[in-house]
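Contents: one structure, followed by commentary.
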Amino acid sequence: MSGAEAGYLHLDGLSKQFGATHAVQDVSLSVRRGEMIVLLGPSGCGKTTTLRMIAGFVEANGGAIVLDGQSIGGQPPHLRGMGMVFQSYALFPHMSVAANVAFGLQMRRMPRNRIAERVAEMLRLVKLEPFAERLPRHLSGGQQQRVALARALAIHPKLLLLDEPLSNLDAALRQEVAREIRILQRDNALTTVMVTHDQAEAMAMADRLVVMREGKVEQIGTQEDLYERPATPFVATFIGHSNVVAGTLSDGSLLTLADGTALRLVGRYAGAGPCRLAVRPERIILAAADGGGIRGRITLSTYLGATVEHVVRLGEETDLVVRGPTLEGGATRRFAVGDPVSVAWPLAGEKLFDNDDRPLPPQSGAQAEATIWENGVTNNA
Amino acid sequence: MGVLVLAGVVMIFLPLVLTLYLSFFDEKLIIFPPRGYTLHWYLAAIPHFGGALITSLEVAAIAVSLSLLIGVPAGIAIARRRFRGRGVVSTLLLAPLTVPGIALGLAIYVLAVAVEERTGAALAGSFVVLAGAHLLITIPWVVRLCVASLVNQDEAAEEAAASLGARPLVVLWRITLPSMRQGILAATLFAFIISFGELEMTLFLVGPGMTTLPIAVLEYLKYHIDPLISAMAVLQMLVIGVALTLLDRYVRLGGIVR
């Protein structure tokens, strides 16, 4: 990622060590003006530390942070002009809602009447005008969250930072607030970096996502990039669900599992040796056993309303989760536990990763437009 | 269970009730039953112990204000900053709690005499040493309560203020200190109660014409046993009781004395 790119915020090889732990290792990222970036990953992946380095609360051990052409790495937080919304909201408990929103403006020595105007404008924006004189503790969680947002936006921040902004809200409220934040962010073209561990939340709010794991960036991309073209098996399982099957690749398209069962893949691949196959449950098509494809047996069948989930056992010990839409006319389950079935998937649904978790692209050629029925099972004698 | 609770309540309150009862006896000695009841012991208590009471209040006032001046910043530093020697400072500031009052008093007295011999400064039995010793035993409480009040507070509020443009001193003044209000109040009252009731350490440090109230009461008891002492004890309990009631209104005592 070069610095010459038309980015507004650049992280360049950002690293942070706490004692012997590498909390963040060599994170590079370029954020466009007005873009909403979501850092996503399990707890301890370094996403929060990265955000805190951008805010200035944590000093980086290495790398640079460049905002609008200026390196801000050594700047203390109070000079960075960023609006941050904390997971706990971090409202000032002894100040009224209006005083909370006014705080940043007072720090900027804005004249009193202009502060009053701006506070009123912000409270109108988050629909909290009637609560201006209340103390934060007398507000609901959702209202407190909006105060925190208004407080951060009041100062016209150069960057909006959101640290797990929805995690303390009721599940019912979460989607609504997520939409509100997203609309606000779009309408005001706020360059935003958000941190979350919830992939659904991240998918719903981001322009682009950064998946992190153990301090490193696994993949940066749009929702489609991550879902359709995962860079690692971790991304394939963390974004949505994937069946991941370990085996040994031989003959370009034969994957042999630990129990000796061999699967004929749709694509042909260069290379051989230990590999991992990732296939999404909704990309797998189930058919009666007399068709082509890979043979298996249904071990679980669950009706979930919009979808039906089947678990299919291949060979001795490998389970594939298969999800499909329920059919009209009440024929909800086509298969019962114990039924022999065959499974197949299109080439685009098949992701193969080598031993270093790097994706193996299928070789171009006749197979690229393959029909879904071309894979099959060969049981070693 | 109920019996134990009752026994506990009786054991705690019986001496208090008895003291209150005795303080109204119209007798020179404590004799049951008294000839009659009177309030004159209360009237006599003030002129008799007034000087000592004032000394006690002066010592407490100085110890409390200085321990706040030192203990509040120390508490903030210990709770919020990561600095070299933080553990040592924290241990040092809390250490006086672990030394028995008698030992502390003796040590301070010996030190004061030693310094006095070398320099000629009249230290032993001086007000400065007395107030300084009280400062020593009140600081641990102030530090402890301040640290406790900050540990329970969300540090993110201070970070939020910084991100909104507040310089570190502004954060301290507008966010940190207001959020410690209850802790500081509790520390003030605790320090006062500790200083006001201190006896063992102070025994070594009082001088002629400068006696604190607990010591004046002890002195009086050497030669008299009459209801005057009961009256004084009631007055003293009243002062401490008012302080504790105030304290309990602002902070949950149970949360601090664990």
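The values are calculated or read from the model by the stated rules, or taken from the named source; none is laboratory data. What you are looking at is a predicted structure, and each value in this text was computed from that prediction instead of being measured. Here the Cβ positions follow ideal geometry from the backbone for every residue, glycine too, while neighbour counts run over all protein chains shown.
Out of segment B:88-127, which residues are of a type outside the set (A, V, I, L, M) and closer than 15 Å to B:Pro140 by Cβ? Passing the criteria: B:Ser90, B:Thr91, B:Pro96, B:Thr98, B:Pro100, B:Gly101. The condition (being within 30 Å of B:Gly209 (Cβ to Cβ) and touching a residue at least 24 places away in the same chain (Cβ under 8 Å)) is satisfied by just one residue among B:Ala74, B:Ala60, B:Ala79: B:Ala60.
A single entry from A:Arg151, A:Arg118, A:Arg174 fulfils the requirement of being at pLDDT below 95, over 22 Å from A:Glu35 (Cβ atoms) and either in a helix (DSSP H, G or I) or within 12 Å of chain B (Cβ to nearest Cβ) (or both): A:Arg174. Does segment B:108-119 contain at least one residue that is aliphatic (A, V, I, L, M), farther than 30 Å from B:Arg249 by Cβ, part of a helix (DSSP H, G or I) and touching a Ser or Thr at 6+ places or on another chain (Cβ under 9 Å)? Looking through segment B:108-119, at least one residue is aliphatic (A, V, I, L, M), farther than 30 Å from B:Arg249 by Cβ, part of a helix (DSSP H, G or I) and touching a Ser or Thr at 6+ places or on another chain (Cβ under 9 Å).
If the condition is being facing chain B (nearest Cβ under 9 Å), free of Cβ contacts under 8 Å to residues at least 24 places away in the same chain and assigned to a loop (DSSP other than H, G, I, E, B), then segment A:53-93 contributes A:Phe57, A:Pro76. Of all residues in segment B:159-177, none that is within 7 Å of another protein chain (Cβ to nearest Cβ) and at negative phi has its Cβ atom under 8 Å from the Cβ atom of a residue that is in a helix (DSSP H, G or I) and hydroxyl-bearing (Ser, Thr, Tyr), 6 or more apart or on another chain. Tell me which residues, restricted to segment B:190-233, are surrounded by fewer than 18 Cβ atoms within 10 Å (Cβ to Cβ), without any contact (Cβ under 8 Å) to a residue 60 or more places away in the chain and part of a helix (DSSP H, G or I). If the condition is that a residue be surrounded by fewer than 18 Cβ atoms within 10 Å (Cβ to Cβ), without any contact (Cβ under 8 Å) to a residue 60 or more places away in the chain and part of a helix (DSSP H, G or I), then B:Gly197, B:Leu218, B:Glu219, B:Leu221, B:Lys222, B:Tyr223 are the ones that fit. The number of residues in segment A:197-222 being under 8 Å from the mean Cα position of the chain (by Cα) and more than 17 Å from A:Met53 (Cβ to Cβ) comes to 9. Scanning segment B:144-156 turns up at least one residue that is of a type outside the set (Ser, Thr, Tyr), in a helix (DSSP H, G or I) and within 14 Å of chain A (Cβ to nearest Cβ).
Each row is one residue, and each column tells you yes or no for (1) assigned to a loop (DSSP other than H, G, I, E, B); (2) aliphatic (A, V, I, L, M).
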{"site": "B:Gly8", "(1), (2)": "no, no"}
{"site": "B:Phe13", "(1), (2)": "no, no"}
{"site": "B:Leu20", "(1), (2)": "no, yes"}
{"site": "B:Glu27", "(1), (2)": "yes, no"}
{"site": "B:Phe49", "(1), (2)": "no, no"}
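Scan segment A:163-174 and tell me whether some residue there is in contact with a strand residue (DSSP E or B) (Cβ under 9 Å, 6 or more places away or on another chain) and on the phi > 0 side of the Ramachandran plot. Yes, because at least one residue in segment A:163-174 is in contact with a strand residue (DSSP E or B) (Cβ under 9 Å, 6 or more places away or on another chain) and on the phi > 0 side of the Ramachandran plot.
Among the residues of segment A:239-260, not one is closer than 20 Å to A:His310 by Cα, crowded, with 19+ Cβ neighbours inside 10 Å and modelled with pLDDT under 90. Yes or no: A:Ala200 surrounded by fewer than 18 Cβ atoms within 10 Å (Cβ to Cβ), assigned to a loop (DSSP other than H, G, I, E, B), out of contact with any helix residue (DSSP H, G or I) (no Cβ under 8 Å at 6 or more places or on another chain) and away from chain B (no Cβ under 14 Å)? Answer is no for this residue. Total residues in segment A:94-112 satisfying the condition of being within 7 Å of chain B (Cβ to nearest Cβ), under 17 Å from A:Ala132 (Cα atoms) and either of a type in the set (A, V, I, L, M, F, W, C) or part of a loop (DSSP other than H, G, I, E, B) (or both): the figure is 2.
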